[in-house]
Structures are given as structure tokens and as C-alpha cells.
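The structure under discussion appears below in the form of C-alpha cells.
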Amino acid sequence: MLSIQINIPENLVIQLGSSLEKTRIESQKLLAIKLFEMGYLTTGQSAEMCDMNRIDFMTELSKMNIPVVSMDKEDIEKEIHEAINW
């Protein structure tokens with residue numbers, strides 16, 4: 001995995017009430033969640049980015065009301081049809 005450096009406002013650490021390391025971990029988790037939400041990463045890739053297992057990452061998604069699976073009406077109907085005809 002590659003590493004990058006980002007700049008953040010100093011007051012973010014104070015607002016989060018944490019250390020630089022905890023701020024780094026939280027920022028990395030939020031970035032992974034956003035990249036997953038936008039469809040750039042899978043749950044597995046996002047979990048790895050956060051140094052978490054997939055279940056813990058999906059739990060974090062749930063806490064933020066972000067669906068793990070995104071399906072439109074046609075996808076749902078297709079899944080139902082395939083399940084019935086299985």
C-alpha cells in the first residue's frame with residue numbers, strides 16, 4: 001500500500017479531542033469510507049486501508065448510515081427473479 005501526506009488544520013486535532021495519531025487514523029478511515037461510498041474501493045480494499053477487517057469496516061459504514069450494498073430497483077427485481085427461478 002502506498003502512503004501519502006495531507007495537510008489538515010491544526011484545530012482539527014483539538015476538535016477531535018485527540019492526538020495526531022488518532023487524528024491520522026480517523027482521517028484515513030473517513031477517506032476510505034468516502035472512497036468506498038463513491039465506488040472507488042471495495043469493502044475489502046477500504047478495510048485494508050483502515051487496517052480493519054471487513055466486518056468492522058462494514059460496521060463503521062452502518063454507524064454512518066452508509067449502505068454496504070447499493071442497488072437500484074432494476075437490480076433488486078433481477079435478484080428476486082433469479083432467486084425465485086433458482
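The values are calculated or read from the model by the stated rules, or taken from the named source; none is laboratory data. It should be emphasised that the depicted structure is a prediction, and the values quoted were computed from it without experimental measurement. Every residue, glycine as well, gets a Cβ built from its backbone with ideal geometry; the counts of neighbours run over all protein chains shown.
With respect to the conditions (1) loosely packed, with under 10 Cβ neighbours inside 10 Å; (2) more than 30 Å from residue 69 (Cβ to Cβ), residue 1 falls short on a single one, namely (2). Taken together, the residues in the stretch 58-79 that are at negative phi and at pLDDT 90 or above amount to 8. The set of residues from the stretch 68-82 being closer than 18 Å to residue 44 by Cα and surrounded by 10 or more Cβ atoms within 10 Å (Cβ to Cβ) comprises just one member, 68.
Taking each residue of the stretch 1-30 that is under 17 Å from residue 52 (Cα atoms) and polar (S, T, N, Q) and looking for partners that are surrounded by 10 or more Cβ atoms within 10 Å (Cβ to Cβ) and at pLDDT 90 or above with beta-carbon atoms closer than 7 Å, six or more apart or interchain, yields 28/49; 28/50.
Of the set (1) under 15 Å from residue 66 (Cα atoms); (2) in contact (Cβ under 8 Å) with a residue 12 or more places away in the chain; (3) of a type in the set (Ser, Thr, Tyr), all apply to residue 42 but (2).
Regarding the stretch 50-57, can at least one residue be identified that is in contact with a Lys or Arg (Cβ under 7 Å, 6 or more places away or on another chain), under 20 Å from residue 1 (Cβ atoms) and surrounded by 12 or more Cβ atoms within 10 Å (Cβ to Cβ)? Yes, the stretch 50-57 has at least one match.
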